[in-house]
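Okay, structure first, notes after.
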Amino acid sequence: MSVLSGKKILIAITAGIAAYKTASLVRLFIKLDAEVKIIMTPASKDFITPLTLSTLSKNPVHSTFYDTKDENELWNNHVELGLWADYMLVAPASANTLSKMANGTCDNLLLATYLSAKCPVYLAPAMDLDMYIHPSTKENLEKLHAFGNVVIPATSGELASGLVGEGRMAEPEDIVSFIENDILLKLPLKGKKILLTAGPTFEAIDPVRFIGNHSSGKMGFAIAKVAANLGAEVYLISGPSHQQITHSLVHRIDVVSAEEMSNAAHQYYTDVDIAILSAAVADFRPKKIAIQKIKKKVSALEIELMPTKDILASLGKMKKHQFLVGFALETNNELENAKRKLKRKNLDAIVLNSLQDNGAGFATDTNKITFIDKDLNEKSFDLKSKVEVAKDIINEILNKINA
Ligand code: CTP
């Protein structure tokens, strides 16, 4: 899955012969499951038609502040467009538009949108070779780079003038992979390894029966996805769960019992930067597992239980460089119990959810948490979808490890 999947891309087209290539650009982004909107300078319409671009992007294309052909003369809101985009790409970026961008000129919809955009902006210059190496163009590109824009260098080759040299807009495929790589490199968890436990564990009684719990694994799987989307390599140790995950950065390790989960967690722990233990691990397991199915001939059955190994406490004891996060699911004295757990298990943070809160806990699609750090600072969040909760948890961890 591409980092651009689900992202909103605003392509801004200026007047240059390379504008014809933007049709391919739009298709490439759409193929990666991105949503594309397009704005153009009026002069760029001489090089490619808005009809082609709106057909490919499945969105209206605007070049002026209002559309004169439209009876209602709807205002094309540049601020809204600028805020809508996750990424803005100016391609081709002509010498004229680059100069205006560098100097804050705002005499068309594209420039007003650029000035309103809060997202990363990529520039793919395209012009003739002498224009590209002119000191004023160079200065404008340097200025735009200093503003935080990312310049996708033009390439060398035959130019529209017939001259050969630097100034050709990078090819659409190269522009897309440039942006993908740039995003990946800047992801906040890039290069970090995360160990995650999720779901329930099943403790066998006999070959057909087990002691389990209601955990669905939804919370842990949501954290895995959010962390991987932010560039982390995730080792997801999952108890029996129906959750699915496909992400090139998530390595799923399926286990059944607490003992198997413990073995896997200890195997990966030394090598990771962050460990988040969200699994609902059984605290007890049958002392003896019957080899044959237990028959119901007896009127009562007693099963002797023994404690399982506390994985989180064990990892807390071994902790070196890792940032260790536990979960606490409580029904009463929630904050006190969670804080005691955090200290007892030598954690860097604990995520508390209370079964007293409606919509929190097992098998729901929502959760309500309080994040407590090792100095016992508490931060409570509203009831949210588990994906949003996962984002809050990862954000809190990032704030702590980057502090
Ligand atoms: N946990 C674990 N291994 C266990 C039991 C729990 O790693 N055998 C982890 C859970 O994944 C969770 C945290 O410990 O992150 C809290 O588990 P919980 O069962 O609530 O804590 P306990 O220490 O068992 O306390 P109690 O059951 O008394 O509330």
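Per-structure values
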quantity	calculated
Inter-probe distance in nm under a simple model that places probes 7 Å from Cα toward Cβ, at Thr270 and Ser177	3.7
Exposed-loop-free span, longest in the chain, where GluC sites (Glu not before Pro) count as exposed if DSSP calls them loop and at most 15 other C-beta atoms lie within 10 Å	74-301
Relative contact order of the range 193-401, defined on C-alpha pairs under 8 angstrom at six or more residues apart (%)	20
Positive-pole candidate from Ser215, Leu111, Ala227, dipole of the chain, charges at beta carbon	Ser215
In the range 1-66, the trypsin sites (Lys or Arg not before Pro) that fall in loop regions by DSSP, at most 15 other Cβ within 10 Å	Lys58
Net length gained if the chain between His321 and Met1 were fully extended (0.36 nm per residue, minus Cα distance)	112.1 nm
Mean separation of Cα contacts under 8 Å, 6 or more apart, over the residue count of the chain: relative contact order %	11
Lysine-lysine proximity count for the range 8-186, Cα under 22 Å, sequence distance 8 or more or distinct chains	26
Accessible surface, 1.4 Å probe, highest first, among residues Lys345, Lys297, Lys193	Lys297, Lys193, Lys345
Charge sum, other residues only, whose C-beta stays under 11 Å from Leu355's C-beta, Lys/Arg counted +1 and Asp/Glu -1	-2
The chain, helix-only ellipticity at 222 nm - DSSP H runs n ≥ 4, -39,500 (n - 2.57), divided by all residues, nearest 500	-10000 deg cm²/dmol
Dipole in debye (nearest 20) - the chain, about Cα centre, beta carbon charges: Lys, Arg +1; Asp, Glu -1	1860
Rounded to 5, percent antiparallel among DSSP beta bridges of the range 193-401	35
Spatially proximal lysines relative to Lys287 (Cα-Cα < 29 Å; intrachain offsets below 8 disregarded)	Lys295, Lys296, Lys297, Lys309, Lys317, Lys341, Lys345
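The values are calculated or read from the model by the stated rules, or taken from the named source; none is laboratory data. The structure displayed is predicted, hence computed values, not measured ones. No Cβ is skipped: glycine too gets one built from the backbone with ideal geometry, and neighbour counts run over all protein chains shown. Accessible surface areas use protein heavy atoms only, side chains included; no ligands, DNA or RNA. Shrake-Rupley method; radii C 1.70, N 1.55, O 1.52, S 1.80 Å.
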